[in-house]
Structure formats: C-alpha cells, structure tokens
Amino acid sequence: MIANVLQAWVSLKRINVFLNEEETDKYTSVVSSSTAAGDPLVGFKNASFTYGSIEDQEQHGTDSFTLTGLDFAFPAERLSLVVGRGT
C-alpha cells in the first residue's frame, strides 16, 4: 500500500512539473506548406464511403449504405473530428 502511494506521489510531481513548464515550441507539430495554392494538406475530392459488408448483404439481404461525391478538407493546425454512431 505504501509503495502504491509513493508511486502516485512521484507521478503527480512529474505531472505538476510538466504542467508548470513555460510554453515552448518543443511540442509543436511541424506543418509544411501545401503543394499548390489553396489545396489543403489533408482532404478528399470526389470520395465515396460505404458502410456494410458482403456478409451483411448475404445474411440479411440488405444493401450497403454509400455516400458518394464527397469533397472536404481538414484545416491545417486545427482539430477535426469525424464522428458517427457506433454499432
């Protein structure tokens, strides 16, 4: 029990030191410029996404769900989320 408390104390001290550090560039990602003017660093053009498997089609007689003609880009240096309902 004392060993666990000691380990927790050491961990908390390390976290405290990290959180109290001055802001620096050492944790920044390297971002390069895009290849063509106006093109995003990461994105999709005319993409298609399909949900469903061949096994589902054979077992349940259902068709796959497909989205087509999707165009979207993820902005540089921003957080982007793609979310949906889980199965």
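Read-outs: derived from the displayed coordinates by stated rules, not from any lab. Because the structure is predicted, anything quoted here is derived from the model rather than measured. Cβ placement follows ideal geometry from the backbone for every residue including glycine, while neighbour counts extend to all protein chains displayed.
In terms of packing, defined here as the mean over residues of other Cβ atoms within 10 angstrom, the peptides 48-55, 69-76 line up highest first as 69-76, 48-55. Between the amide H of A76 and those of L41, distances stay under 5 Å, these residues lying 5 or more places away or on another chain, with hydrogens modeled in the peptide plane.
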